[in-house]
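Everything on this sheet refers to the single structure shown next.
The values are calculated or read from the model by the stated rules, or taken from the named source; none is laboratory data. None of these values were measured; they are calculated from a predicted model. A quick note on method: Cβ atoms are made from the backbone with ideal geometry, for glycine too, and the neighbour counts reach across all protein chains shown.
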Amino acid sequence: MNTPVPPNAPLISLRGLKKSFREGERIREVIQGVDADFADGECVALAGRSGSGKSTLLNLISGIDLPSEGEIVVSGLNIARLSEQERTLFRRKNIGFIYQFFNLIPTLTVIENVSLPLQLNGNRDRAEAVALLEEVGLADRARAYPDRLSGGEQQRVAIVRALVHDPLLLLADEPTGNLDAQTGRQIMELLDRLVRRAHKTLIIVTHSREVAGFADRLLTLEAGHLTEGGDGAGW
């Protein structure tokens, strides 16, 4: 069960967030003292030049990686204080991921890929998976394997997989980056409709001004600092 968010409290709070990596004898500071809040049901675009740390920030918010300093509070829970196993269980229940290269399992059919988050959470009922596939126009492809699908179809499957277990939060890393402009626009229209209907919080990393236009607000990561607006987006 998802942890309820207290009234008027942000779904995500980042305080004093820092992340550094050792590269030989040098310490590279990727995230430098970030403070930010993300509201329940909000769609936020995260821009910045390549190598600015956008994917690192998503990994920190999801608990895939741990900060060097600072707090990451998601729905009242400081995930930076959780064990690795606790963070894994938290992701399974509360976070949906959408990637640039789809990350579908090639040996599983569409319905098996989509149902995987449900199974990992102990739910073997595929009714929601079937319903979502029908909604995105892929009910007739449920038994197909990913290599039989177009790029746009694979990304629609990935969106359904990210939503099927009713997560608190969706994290999307360049979800249109591997698609042509027209298909990318269709994918964003679909994602925007499904996310807003379900009142999900979405953080979307993008290099596209058009994709950022779907968001409620734009944040830019530059030199380790997070600012409102598009300066340093590197469009």
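Taken as a whole, the condition of being surrounded by 19 or more Cβ atoms within 10 Å (Cβ to Cβ), under 30 Å from LYS19 (Cα atoms) and out of contact with any Ser or Thr (no Cβ under 6 Å at 6 or more places or on another chain) applies to ILE98. Inside segment 166-185, can you point out the residues that are free of Cβ contacts under 8 Å to residues at least 40 places away in the same chain and among the aliphatic types (A, V, I, L, M)? Scanning segment 166-185 gives LEU179, ALA181. One residue alone among ARG81, ARG91, ARG124 is more than 25 Å from ARG156 (Cα to Cα) and either over 21 Å from the mean Cα position of the chain (by Cα) or of a type in the set (D, E, K, R) (or both), and that residue is ARG81. Kindly indicate whether any position in segment 135-145 is part of a strand (DSSP E or B), of a type in the set (Gly, Ala, Ser) and modelled with pLDDT of 95 or more. Within segment 135-145 (the criterion being part of a strand (DSSP E or B), of a type in the set (Gly, Ala, Ser) and modelled with pLDDT of 95 or more), the answer is no, since none of the residues qualifies.
Which residue is nearest to the chain's Cα centre (by Cα), if the candidates are limited to segment 192-204 and must be hydrophobic (A, V, I, L, M, F, W, C) and modelled with pLDDT under 95? I'd like the intermediate steps shown before the answer.
First pass over segment 192-204, keeping only residues hydrophobic (A, V, I, L, M, F, W, C): 194-195, 198, 202-204.
Then drop every residue that is not modelled with pLDDT under 95, which leaves 194-195, 198.
Numbers: LEU194: 14, VAL195: 12, ALA198: 15 Å.
Filtering first and then ranking leaves VAL195.
The set of residues from segment 173-207 being more than 22 Å from GLU134 (Cα to Cα) and either in a helix (DSSP H, G or I) or among the small types (Gly, Ala, Ser) (or both) comprises GLY177, ALA181. Confirm whether SER55 is in contact with an Asp or Glu (Cβ under 8 Å, 6 or more places away or on another chain), modelled with pLDDT of 95 or more, closer than 27 Å to PRO117 by Cβ and among the hydroxyl-bearing types (Ser, Thr, Tyr). So SER55 does not fit the description; no.
Just one of (1) under 24 Å from ALA9 (Cβ atoms); (2) in contact (Cβ under 8 Å) with a residue 40 or more places away in the chain fails for ASN59. It is (2). Can you tell me which residue within segment 207-224, out of those that are touching a strand residue (DSSP E or B) at 6+ places or on another chain (Cβ under 6 Å) and farther than 19 Å from GLY41 by Cβ, is modelled with the highest pLDDT? Out of the qualifying residues, it is THR220. The single residue among ARG22, ARG15 that is over 30 Å from ARG193 (Cβ atoms), at pLDDT below 90 and in a strand (DSSP E or B) turns out to be ARG22. Screening ALA142, ALA129 for residues that are surrounded by fewer than 20 Cβ atoms within 10 Å (Cβ to Cβ), in contact (Cβ under 8 Å) with a residue 24 or more places away in the chain and of a type in the set (Gly, Ala, Ser) leaves exactly one candidate, ALA142.
Looking at segment 70-87, can you tell me whether even one residue there is surrounded by 17 or more Cβ atoms within 10 Å (Cβ to Cβ), free of Cβ contacts under 8 Å to residues at least 24 places away in the same chain and either of a type in the set (Val, Ile, Thr) or not in a helix (DSSP H, G or I) (or both)? Yes, the conditions are met somewhere in segment 70-87.
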